[in-house]
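For reference, the structure discussed in these notes is given below.
The values are calculated or read from the model by the stated rules, or taken from the named source; none is laboratory data. Only a predicted model underlies this, so the values are computations on that prediction, with no experimental measurement involved. Glycine gets a Cβ as well: all are built from the backbone with ideal geometry, and neighbour counts include every protein chain shown.
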Amino acid sequence: MTPKYLYLLIDVLVLAVPLAASFYPKAPFYKHWKFAGTGLVVTAVFFLVWDELFTQLGVWSVNERYITGIHIGSLPLEEVLFFISIPYACMFTYFALNHLFEKDPLFPHQEVISSLLIVVLLIAGMYHKDKLYSGSTFLLLAGFLAFQMLKLRPRYMGKFYFAFALLLVPFLFIDGILTGSFIDEEIVRYNDTQTLGIRLGTIPLEDLFYGMLLMVMPIAIWEGLEDYFYYKRRR
C-alpha cells in the first residue's frame, strides 16, 4: 500500500465497523443519531479549532508522507475524519456496552474517580501551564469533568469510565501507529518542548487525557440532550 493512504485507511477502518453495526436490529444505535450526532458535531468542531490553533503554533504537525494531500480548509482530510471516526466509534462502543451490561459497577465510585482526576489534572495543568499541549489538555479535561460533576451531576460516568478502560487497548494501538509504532516515521509529529516528554512507547502521555476528553465530550452532550428532551416530553 502507498504510504500516503495510511492515515486515511486508519480513519475508514475505525469508522466502518461501528457504523455498520449501528443498524443491528436488537441494538439500533442509529435511532440515537439525532442527539449523538449533535454531540459528534460539537466535539469535532471544538477539536478541529484546537487542532488548527496548535498546528499554527507548531505544537504538532502531520507528516506529508502519510496523507493524500487533500485539505479541508488548512487541515488535511485525514485530520478532519479523525475527529469524526474516533468519537463515533467511542459513542457506539459506549452504547453497545450499555446494551450488553445492565449493571454499572462503577456507579458508586464515579464521583471519587472524577474528583481524583480533577485534582490531579488541575495540579499538573497549573504546574505545566508553560507547555501548551500538557497544560491545555490537563486543564480542559479537569474543567470539563468539574463542570459535569458540579453542575450536571451525571449518572453515566461510571459507565463511561468502564467503556474508556476497555477502549484504551484499541486507542493505544491506533495512537501508537499515528505516533510511529510499527511504521517508519510518525504520522503525527509532536514538538517535545510543548509536552512533558514522557512517552508510553511512542505515545505522549498527554494523549491519554486528550483521548479521554475526545471520548467523554460527545457522550456528555448526547446523554444530556436525551435526558433533557425525555424529561421535557414527560412534563
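Summary table below
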item: Neighbours by Cβ (under 6 Å, 6+ apart or cross-chain): first from region 3-31, within 15 Å of residue 91 (Cα to Cα); second among the aliphatic types (A, V, I, L, M); result: 14/89; 18/89
item: Boolean, residue 197 is at pLDDT 95 or above and on the phi > 0 side of the Ramachandran plot; result: yes
item: Inter-residue pairs, beta-carbon under 6 Å, first closer than 14 Å to residue 9 by Cα and in region 69-88, second assigned to a strand (DSSP E or B) and at pLDDT 95 or above, 6+ apart; result: 76/62
